[in-house]
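Worksheet: one structure, shown below.
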Amino acid sequence: MKRINNSVIALSLFIGIANANAQEKKTLSLDEAVQLGIQNSKNLKIDAAKIEEATADLLEAKNRQLPELKVSGSYMYLPIKPNIDIKLPGVSGAGGPEVHQVLYGSANLSVPIYSGGRIKYGIQSAKYLVEASKLSTENDKIAIAYNVAQAYNNLFKANQSIKVFEENLAASQKRDETFLKMENNGLIARNDRLKANLQTSNIELQLLEAKNNYNIANINMDLLLGLPENTEIEVDQNYIDEGSDVKLVDYYVNEARENRKDLQALAQQRKAAELGTKAAKAENLPSIAFTGGYVAADIPKFLTVYNAVNVGVGISYNLSNIWKENSSMKQSQAREKQLAATDELLNDNIKLEVNREYQNTDYSKKRIAVFEKSAEQANENYRITKNKYDNGLATMTELLDADAAQIAANVGVINAKADAALAYRKLLQTTGTLTIK
């Protein structure tokens, strides 16, 4: 029997060690978590691909200003003897050589000289769109930084709640032991002791819920940061001291106008649209290009041509533009109007967002003071109620109610501070100034 017990103990120790090794712990500050979140963001990988696409469009636009050089060659076999009738005076094709092969080669060069500005506008427009893509990426980085901060905040709150409930559970369990002895000595009724046990069970349930919330928050953080799902993240609570100095709301509105990346990206898109309209107008103008070419041909036993070089200037104009409406220009003008309206809407939304988050930040800071006062009152109330109970002047129900209120107030203080720090970060996000270290 002793041997079996030893085996069970050894197995339990092995499982405990295995679980400890399986759960990797990693301490991260909020700034470190934000960096990891940005490095492993799948949204930013999509943004990077969009920047590559916009850069490729810019390269394509630049290529239009470079010379075009085309080389072609042909070889043809003629199985049936062709009829050759030469119309030159004094020359007769009768009885001429049999022609069964034709070799032909040419090289053509075209250098654009004037295209009505279509090439120039295309290059400038593509540059603006590349810049717009980069600014959109920066805006997404700021959004990711806030999302990570929000997840980090949830993890911190869950962890702090666990600590508070564990402390109160230990105190409640110790109180249960005391009440059991008092019941055995006839000092309290069984019903009072059972009320205390029920309070302990309620704290245990709250602790289980807090641990469940913590596990969910931890998995969410692991996924956001690109860490293995079994990584347990230990947070640094120093971040809750952020946002102690909040300026006037007008300051943040002006900061948003100057720093919002989505607003700057939209400005680049509007510039590109303006150039698109100019390029569309240029479609009604002719194109002029320098041209050059080289031709060589060989028809065995009949004709050989070498060094047939030609140079000149070519002009092209689509006469159908005279009676056709320029649909490209109308589309581009409509795009300009759409972006102008979007700009007005975005500016209104920015004002609303900044003012809303400013009010939320102010509200969150005021909540801290209220919760701290509430916790001070709850702690003092519990102390007084405990003294009354010890002297037979308060009931068990009053004591347990005071204890529950004390727990709720202490958890409320922690959550209020964490929420205030997060609200301040949200305010910075709406202004485009949330720093990414």
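Some observations on this one:
- The condition of being touching a residue at least 24 places away in the same chain (Cβ under 8 Å), surrounded by 15 or more Cβ atoms within 10 Å (Cβ to Cβ) and of a type in the set (A, V, I, L, M) holds for only one of Leu103, Leu69, Leu78, Leu129, that being Leu129.
Condition check ((1) modelled with pLDDT of 85 or more; (2) under 41 Å from the mean Cα position of the chain (by Cα); (3) surrounded by fewer than 20 Cβ atoms within 10 Å (Cβ to Cβ)) across all residues:
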position: Thr137; (1), (2), (3): yes, yes, yes
position: Ala158; (1), (2), (3): yes, yes, no
position: Ile162; (1), (2), (3): yes, yes, yes
position: Gly186; (1), (2), (3): no, no, yes
position: Gln199; (1), (2), (3): no, no, no
position: Lys211; (1), (2), (3): yes, yes, yes
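- Any hit, segment 340-352, residues being over 24 Å from the mean Cα position of the chain (by Cα), open to solvent by less than 50 Å² (accessible area, probe 1.4 Å) and over 23 Å from Gly412 (Cα atoms): yes
- Looking across Ser374, Ser364, one residue alone is closer than 30 Å to Arg257 by Cβ and of a type in the set (Ser, Thr, Tyr). It is Ser364.
- Selection of segment 294-329 for residues being out of contact with any helix residue (DSSP H, G or I) (no Cβ under 8 Å at 6 or more places or on another chain) and over 30 Å from Ser72 (Cα atoms) yields Ser320, Ile322, Trp323, Lys324, Glu325, Ser327.
- Of everything listed in (1) closer than 28 Å to Glu32 by Cα; (2) in contact with a Leu (Cβ under 7 Å, 6 or more places away or on another chain); (3) open to solvent by 70 Å² or more (accessible area, probe 1.4 Å), the single unmet condition for Ile233 is (3).
- Residue among Ala273, Ala289, Ala265, Ala280 that is at pLDDT below 90, open to solvent by less than 30 Å² (accessible area, probe 1.4 Å) and not polar (S, T, N, Q): Ala280
- Of Tyr358, Tyr424, Tyr389, Tyr363, all but one fail to be of a type in the set (Phe, Trp, Tyr) and either touching a strand residue (DSSP E or B) at 6+ places or on another chain (Cβ under 7 Å) or modelled with pLDDT under 90 (or both); the exception is Tyr389.
The values are calculated or read from the model by the stated rules, or taken from the named source; none is laboratory data. Keep in mind that this is a model prediction, so the values were computed, not measured. So basically every Cβ, Gly included, is an ideal-geometry build from the backbone, and we count neighbours across all protein chains shown. Protein only, heavy atoms only, side chains kept; ligands, DNA and RNA dropped before computing areas. Shrake-Rupley method; radii C 1.70, N 1.55, O 1.52, S 1.80 Å.
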